[in-house]
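A quick write-up on the structure given underneath.
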């Protein structure tokens, strides 16, 4: 009798289908909403919301295949001069490793923008490093693909108010960049800005990290703790559609 019961239970278990977690493709607009889509998370980081007179920022994942994700974000911010939101895709695997141990970080990012009126925003990778694994941020490294009437953090500005680069003509990943340096009040910031907008990027993000370590800007013993890519919005109305994004940290 007991043997028969065991067999029945085993048979029932084998017959029970394994339910896969369905991809959340719904639209999210909350100030701190997070959507998990392994190996990524979609983050709605509206940290500057209080500076806006009115507005909103919404985003949704549209597809995920392996390490390639597609997503869209729409913002409409009015008032204020500071950043309102950074809606981004964050890599959740392969991070918290020393920069010296990273062998490559291949990435693809194909995106487009639809906007109306004047927009103040940027489209960029946003990386953070720390002296220890999972520790407090020491450096922020931004790799801008587009600059819409915005500007990088800098210690030095020209008489016209434009940020002054500490290095120009930097050739990395098939493009030419200017490097800026400053502080956001919490950590130091290095920003790579391209000579023109890049809507289809394919390259090794580790090249930017290697450039900083090999030129003495950052120690190679720093840990890469955060790897994000998204839209930093200050004002205006726009929809940014990413048709394909991927980032893998190899170490």
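Readers should treat all values here as calculations from the given coordinates under stated rules, not as data from a laboratory. Predicted model, so just to flag it, every value in this text is computed and none were measured. Here Cβ is always computed from backbone atoms with ideal geometry, including for glycine, and neighbour counts include all displayed protein chains.
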Q | Calculated P(r) of segment 17-103 - Cα pairs past 18 Å, % | A | 52
Q: Among 234, 118, 73, determine the one that fluctuates most according to a GNM of the chain built with springs between C-alpha atoms less than 10 Å apart.
A: 118
Q) Among 207-215, 87-95, what's the highest-first ranking by average C-beta atoms within 10 angstrom per residue? A) 87-95, 207-215
Q) With a ≥ b ≥ c the root eigenvalues of the C-alpha gyration tensor of segment 59-139, is it rounded (a/c under 1.5), prolate (a/b larger than b/c) or oblate? A) oblate
Q. Between Rg and the Kirkwood Rh of segment 106-224, both from Cα atoms, what is the Rg to Rh ratio?
A. 0.96
Q | Between segment 120-139 and segment 184-211, the alpha-carbon center distance in angstrom | A | 11
Q) Can you work out the FRET efficiency for the pair residue 53 and residue 104, with r the C-beta to C-beta distance and R0 = 35 Å, to the nearest 0.05? A) 0.20
Q) Gaussian network model of the chain, Cα springs within a sub-10 Å range: biggest mean-square fluctuation belongs to which of 109, 71, 32? A) 32
Q: Return the label of the correct value of mean projected area of the Cα convex hull in nm², as calculated from the structure shown, out of [x] 17.4; [y] 14.7; [z] 13.0.
A: [x]
Q. What ranking, highest mean first, results for peptides 152-162, 124-134 when packing means the other Cβ atoms within 10 Å averaged over each residue?
A. 124-134, 152-162
Q | Estimated 222 nm signal from helices in the chain, with DSSP H stretches of n ≥ 4 weighted -39500 (n - 2.57), rounded to 500 | A | -3000 deg cm²/dmol
Q: Give the angle, between 0 and 90 degrees and rounded to the nearest 10, that separates the Cα long axis of helix 2-15 from the longest principal axis of the Cα atoms of the chain.
A: 40
